[in-house]
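Have a look at the structure below, then the notes.
All of the numbers you see were taken from the coordinates with simple rules; none came from a lab. Values in this document were obtained by computation on a predicted structure and should not be read as measured data. All Cβ positions, glycine included, derive from the backbone under ideal geometry; neighbour counts span all protein chains shown.
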């Protein structure tokens, strides 16, 4: 592995099993990277990885567990993305179930797009990301220049 990435793993309740299946399929790759998870997802991911590890496997970094999404975990993760501390977001959200913290979910996805990090919202996209040649190397996303927005004239100033 040429470069350690920080990978955020998030899943709504109805998608947690999908994420855990993906983690089981990819755990040998994932244990070489820093993992950040919200609440219950983090607990389940840690249990899954620990249960799969064979003799000789070594989880290089502990899993960082944030608060549960509805209790601020989505916002914590958004802050990490804004601080450029997350390289990839795997967020399996449930399109069929209304979420009480939907505005937080939208804000998290918005900030990930704003900072141009790869986002997977389904298993197929997660598979493409983890199997990409770019996954195996350092990758610096192209950042849009927002200086004109930051330096704009605000009426009344």
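Results, tabulated for the structure shown:
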{"quantity": "Members of region 78-87 found to be closer than 21 Å to residue 22 by Cα and in contact with a helix residue (DSSP H, G or I) (Cβ under 6 Å, 6 or more places away or on another chain), listed by number", "calculated": "86"}
{"quantity": "Scan of region 126-157 for residues that are over 13 Å from the mean Cα position of the chain (by Cα) and either part of a helix (DSSP H, G or I) or surrounded by 14 or more Cβ atoms within 10 Å (Cβ to Cβ) (or both), ordered by number", "calculated": "127, 128, 131, 133, 134, 135, 136, 139, 147, 148, 149, 150"}
{"quantity": "Residues within region 15-29 that are in contact (Cβ under 8 Å) with a residue 40 or more places away in the chain and buried (at least 19 other Cβ atoms within 10 Å of the Cβ), tallied", "calculated": "3"}
{"quantity": "Matching entry among 57, 104 (being free of Cβ contacts under 8 Å to residues at least 60 places away in the same chain, assigned to a helix (DSSP H, G or I) and touching a helix residue (DSSP H, G or I) at 6+ places or on another chain (Cβ under 8 Å))", "calculated": "104"}
{"quantity": "Yes/no for residue 68 being under 16 Å from the mean Cα position of the chain (by Cα) and in contact (Cβ under 8 Å) with a residue 12 or more places away in the chain", "calculated": "yes"}
{"quantity": "Residue list for region 3-38, filter: farther than 24 Å from residue 71 by Cα and out of contact with any strand residue (DSSP E or B) (no Cβ under 9 Å at 6 or more places or on another chain)", "calculated": "3, 21, 24, 25, 26, 27, 28, 29, 31, 32"}
